[in-house]
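Okay, so here's the structure we're looking at.
The values are calculated or read from the model by the stated rules, or taken from the named source; none is laboratory data. Predicted model, so just to flag it, every value in this text is computed and none were measured. No Cβ is skipped: glycine too gets one built from the backbone with ideal geometry, and neighbour counts run over all protein chains shown.
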Amino acid sequence: MQSMIKTTVLAGLLFAAPAVMHAQFDFKVDGLPVQVHSFLSQGFAYSNDNNYLTMKTSAGSFDFSDLGVNASTNLTDKFRVGAQFYTRNVGHLGEWTPTLDWAMADYKFKDWFGVRGGKVKTTLGLYNDTQDMEFLHTWALLPQSVYPLDTRGDTIAHIGGDIYGNIAVKRAGTLAYTLYGGKRPDDLQGGYVYSLDTVQGGTQTTSLPTNRAVTSYGGPTWGADLRWINPVKGLTVGASFLNADITTRGYFKANDAPYERITLKDNMPAYYVDYTIWNFKFDAEYRKENKTTDGTSITRIWNAVTSYDLRMGYASAAYRVSKRLELGTYYTRYYPNYAPPFHSLPANHEFDNAISARIDLTSYMDFKIEGHFIDGNPVGNALRGFYSQNNPLGVAPTTRALVLRLGYHL
């Protein structure tokens, strides 16, 4: 009931917002113009058998909402500050926990050299730093192999600093670079922490001896991004690299024994391309994550070291039919452990073919209709939508899902 009330209120805000927020909020503080922007969305998801993204989608779920508000100002021509508040509720993820999504100061000395610091959105691939802004994308759900909603907080931001710049390459476009480092903040409302509160697979209860309560989940991170913009008109190609040293701490609920999982290695190279020509837009990304971890057991001894070779990628195409209508499709693949021949098993891959229609109702409101045809049913450390808690009788090898999403931005 409480969830339904929250959803109804948010939906009401979505419809009421255009009437009261028909212009961008601008005001001045000591003569400095401050810009305020906001976005919010309400979704609905329905699936044939499996419950998806911790929502009860097999019965149809409206537990798919988010809201963000940001403000920024230029203190000088080169110095800019800003911050964003964000909250979401996706099934059991987020649960309306308010977060300071980013808050930073940015000083641009030259086009080719600038610095920013604070809590900074992480530059990784094409859309990591804009993945929450659904109004920028064709899709109701970005390709979940690369931009998973359940582990959004694992890469969304870092507390630290960036060095960045744009270097003109004469008639061959621009090279844009970013170098960053800092600490990844905890995401205690994300899919990874949610997955640890159960044993994956089989009939599920809430009092199994290996259930864990997580008290912290974060650590140092650093990386880089280099992209070549417009080597030919409409084309962007690039590569990113992310390294993380994450430690999870908590305790086993059965006996209060301390739980700890440490990262021995976790690095992710990513490659991407984006090409726009006329009304067509093509994207593709590929990532490989090499990850080695170790952790304690309920008997207070260290387990054997575990290594993963994760592969993920997608290709997408979209066509703007008219001012109000855009159609698109993508095909995405994800392997939680690419160890042949086992990656062919349904439990060790997730392929998703999506078709989507975006309708721009107004300049500030859009509606998306999207179908998903998913092959594979990985759970456990896969962290791509399927959880044993939400599928106590097991996860079927295929999923068909309908996703509707109404978005508003100012």
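Numbers below:
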| quantity | calculated |
| --- | --- |
| Subset of the stretch 280-306 that is hydrophobic (A, V, I, L, M, F, W, C) and over 19 Å from Ala257 (Cβ atoms) - its residue that is farthest from the chain's Cα centre (by Cα) | Val305 |
| Selection status of Ile277, in contact with a strand residue (DSSP E or B) (Cβ under 6 Å, 6 or more places away or on another chain) and of a type in the set (Val, Ile, Thr) | no |
| Some residue of the stretch 90-108 being over 16 Å from Leu149 (Cα atoms), over 16 Å from the mean Cα position of the chain (by Cα) and aromatic (Phe, Trp, Tyr) | yes |
| Unique match (being at pLDDT 95 or above, surrounded by 19 or more Cβ atoms within 10 Å (Cβ to Cβ) and either among the β-branched types (Val, Ile, Thr) or in a helix (DSSP H, G or I) (or both)) among Ile359, Ile369, Ile355, Ile374 | Ile374 |
| Any chance Ala284 is in contact with a Pro (Cβ under 8 Å, 6 or more places away or on another chain) and either assigned to a strand (DSSP E or B) or touching a residue at least 12 places away in the same chain (Cβ under 8 Å) (or both) | no |
| Candidates Thr399, Thr329 - the one that is surrounded by fewer than 23 Cβ atoms within 10 Å (Cβ to Cβ) and either among the polar types (S, T, N, Q) or farther than 24 Å from Gly91 by Cα (or both) | Thr329 |
| Some residue of the stretch 299-308 being modelled with pLDDT of 95 or more and of a type in the set (Lys, Arg) | no |
| Candidate set from the stretch 241-267 (those that are within 11 Å of Arg212 (Cα to Cα) and part of a loop (DSSP other than H, G, I, E, B)); member that is farthest from the chain's Cα centre (by Cα) | Asn255 |
| Evaluation of Phe39 against (1) out of contact with any helix residue (DSSP H, G or I) (no Cβ under 7 Å at 6 or more places or on another chain); (2) crowded, with 18+ Cβ neighbours inside 10 Å; (3) hydrophobic (A, V, I, L, M, F, W, C) (one fails), failing number | (1) |
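One line per residue, one yes/no per condition, for (1) part of a strand (DSSP E or B); (2) hydroxyl-bearing (Ser, Thr, Tyr); (3) touching a residue at least 12 places away in the same chain (Cβ under 8 Å); (4) over 25 Å from Leu124 (Cβ atoms):
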residue	(1), (2), (3), (4)
Ala213	yes, no, yes, yes
Pro220	yes, no, yes, no
Gly223	yes, no, yes, no
Trp228	yes, no, yes, no
Ala239	yes, no, yes, no
Tyr275	yes, yes, yes, no
Glu289	yes, no, yes, no
